[in-house]
Amino acid sequence: MAKQFPSIEAPHRAFIEAQHMFFVGSAAPTGRVNISPKGMDSLRVLGENRIIWRNLTGSGNETAGHLKLANRMTLMWCGFEKRPMILRAYGSARTLHRRDAEFDELNAMFPEIVSARQIYDMTVDMVQTSCGYAVPFYDHVGERDTLAKWAEDRGADGIRTYWEERNQHTIDGLPTDILGPSDDT
């Protein structure tokens, strides 16, 4: 049976911090809904109603484009190893790019990596838990180092080139502002 809460309570925080992966969902008013798995050490619970997560350079940049038009986000965690539970955090978020004043301060809360692209600062307005009884067991074997090695091989200049070529628009053509504000909303 699902239960709703107005904020992140201590048991929720402990569950979130024990997970190795989370999923982010976002959508513009029209177009495709994006659901993306996230891993590595990329999320911090900063309070009862605040979560930040760092987005690393990847093949798409959907969340940044979606948040420009529809300021809503859902994060989800599943208990794959022991405790059968699904936890979702619903709310709004703002995108912080490397050029934004608060980026460096929040980015310093995570391990250094050249491919850090954005930080999402989420205000949580509801937490929902549900049983997760049908979620299968998976053992966490370890983190993949593929993305970190890919980014190290390219370096900062190569990452910026990748942003120019692959991350300026969502798959629906929405601007992501990765390189600066755009006029084509």
What do you reckon, is Ile51 outside any loop (DSSP other than H, G, I, E, B) and either out of contact with any Cys (no Cβ under 9 Å at 6 or more places or on another chain) or of a type in the set (S, T, N, Q) (or both)?
yes
Subset of segment 127-181 [touching a residue at least 40 places away in the same chain (Cβ under 8 Å), outside any strand (DSSP E or B) and hydroxyl-bearing (Ser, Thr, Tyr)]
Tyr133, Tyr138, Tyr162, Thr170, Thr176
Given Asp153, Asp172, which one is among the charged types (D, E, K, R) and exposed (fewer than 10 other Cβ atoms within 10 Å of the Cβ)?
Asp153
For segment 38-60, which positions are open to solvent by 80 Å² or more (accessible area, probe 1.4 Å) and either within 18 Å of Ala93 (Cα to Cα) or over 16 Å from the mean Cα position of the chain (by Cα) (or both)?
Glu48, Arg50
Taking first residues from segment 36-48 that are of a type in the set (A, V, I, L, M) and second residues anywhere that are in a loop (DSSP other than H, G, I, E, B), the pairs with Cβ under 7 Å that are 6 or more apart or on different chains are Met40/Glu143; Val45/Ile8
Please go through (1) acidic (Asp, Glu); (2) modelled with pLDDT of 95 or more; (3) in contact with a strand residue (DSSP E or B) (Cβ under 9 Å, 6 or more places away or on another chain) for Asp104 and return the number of the only condition it doesn't satisfy.
(3)
Any idea how many residues of segment 123-142 are surrounded by 13 or more Cβ atoms within 10 Å (Cβ to Cβ) and among the charged types (D, E, K, R)?
1
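What number of residues within segment 107-121 satisfy the criterion of being touching a Lys or Arg at 6+ places or on another chain (Cβ under 7 Å) and under 21 Å from Ser26 (Cβ atoms)?
5
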Residues that are at pLDDT 95 or above and either out of contact with any strand residue (DSSP E or B) (no Cβ under 9 Å at 6 or more places or on another chain) or closer than 19 Å to Gly173 by Cα (or both): does segment 87-94 have at least one?
no
Could you go through segment 13-36 and let me know if any residue there is open to solvent by 70 Å² or more (accessible area, probe 1.4 Å), part of a loop (DSSP other than H, G, I, E, B), at pLDDT 95 or above and touching a Ser or Thr at 6+ places or on another chain (Cβ under 7 Å).
no
Residue check: is Leu67 over 13 Å from the mean Cα position of the chain (by Cα) and crowded, with 19+ Cβ neighbours inside 10 Å?
no
With Ser26, Ser59, Ser92 as the choices, which residue is in contact with a helix residue (DSSP H, G or I) (Cβ under 8 Å, 6 or more places away or on another chain), of a type in the set (S, T, N, Q) and within 19 Å of Val127 (Cα to Cα)?
Ser26
If the requirement is being surrounded by 18 or more Cβ atoms within 10 Å (Cβ to Cβ), closer than 19 Å to Ala2 by Cβ and either out of contact with any Cys (no Cβ under 8 Å at 6 or more places or on another chain) or of a type in the set (S, T, N, Q) (or both), which of these qualifies: Ala93, Ala89?
Ala89
Any residue in segment 92-99 that is within 13 Å of Ile119 (Cβ to Cβ) and in a loop (DSSP other than H, G, I, E, B)?
yes
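The values are calculated or read from the model by the stated rules, or taken from the named source; none is laboratory data. These numbers come from a predicted model, not from an experiment. All Cβ positions, glycine included, derive from the backbone under ideal geometry; neighbour counts span all protein chains shown. These area figures cover heavy atoms from the full protein model, side chains too; ligands, DNA and RNA do not enter into them. Shrake-Rupley method; radii C 1.70, N 1.55, O 1.52, S 1.80 Å.
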